[in-house]
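Below is one structure; the comments refer to it alone.
Every number here is computed from the coordinates shown, using simple stated rules; none is lab data. Since the structure is predicted, the reported quantities are computational estimates derived from the model, not experimental observations. Ideal geometry is used to build each Cβ from the backbone, glycine not excepted, and the neighbour counts take in all protein chains shown.
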Amino acid sequence: MVDNLIIFAAKYLIFVMVFILVGFWLLSNRKIRWQFAAVVILSGIIALSLSWLASKFYYHPRPFVVENIKPLVAQEADNSFPSNHMLLATTLALTIYFYNRRIGIVMLVLALLVGLGRIGAHVHSPIDIIGSLILAAIGAWLGYWLARKLFPSSQQAAVDEKDN
C-alpha cells in the first residue's frame with residue numbers, strides 16, 4: 001500500500017498538478033489569462049535551462065545505483081541532479097501561487113509530495129529535491145518578472161486575482 005502511494009506521488013501526481021494548472025487557466029480572469037500563460041511558459045523554459053546547466057556542473061548518482069536496490073519506478077541510472085519532476089512540480093505550483101495564494105499553497109504541498117515520492121522511490125536524494133526547489137523558485141520568479149514586463153496591462157488584474 002505504501003509503495004503504491006510512493007509510486008503515485010513519484011510518477012503520476014504531476015499529471016494531477018498539470019490538470020489543476022489547466023483548470024486554473026481556463027477559469028482565470030480573462031485579463032490575466034495570457035500573462036499567466038506567459039509566466040508558465042517563461043518560467044518553465046528558464047527553470048529547465050537552469051536545470052540543464054546545473055546538471056552539467058554537478059553529477060550525483062541515483063540512490064538506487066549507490067545503494068544497489070531496485071527503484072520503485074523505472075529510471076535510467078544517469079545523473080539524478082536535479083530532479084526534473086520536482087522542478088516542474090514546483091514551477092507549476094509557484095506560477096499559480098503568484099496569482100492565487102490558496103491554490104498555490106495546495107500546489108506547493110503537492111509538489112512536496114512529488115519530491116518525497118521521488119525520494120521514497122529511490123530515484124532521487126534530498127539534495128536533488130532541494131536543488132530543484134531552488135532552481136524552480138529562481139525560474140518561476142524570473143518568468144513572472146519577465147511576463148509582467150511583457151504584459152504590463154495585466155498587472156492590476158493579477159493583483160486583484162491574488163487575493164481570491
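Can you give the convex hull volume per residue for the Cα atoms of segment 2-162, as a whole number of Å³?
93 Å³
Note down the magnitude of the dipole of the chain about its Cα centre, charges +1 on Lys and Arg C-beta and -1 on Asp and Glu C-beta and zero elsewhere, to the nearest 20 debye.
460 debye
Counting each DSSP H run of 4 or more residues in the chain as -39500 (n - 2.57), what helix-only mean residue ellipticity at 222 nm follows after dividing by all residues, to the nearest 500 deg cm²/dmol?
Theoretical 222 nm ellipticity from helices: -24000 deg cm²/dmol.
Please order ARG101, ARG30, ARG62 by the number of other Cβ within 10 Å, starting at the fewest.
ARG30, ARG101, ARG62
Using θ = phi - 60° and the Karplus relation 6.51 cos²θ - 1.76 cosθ + 1.60, list the HN-Hα couplings for segment 147-152 in order, rounded to whole Hz, with x at every Gly or Pro.
So the J values, rounded to whole Hz, are 5, 5, 6, 6, 10, x.
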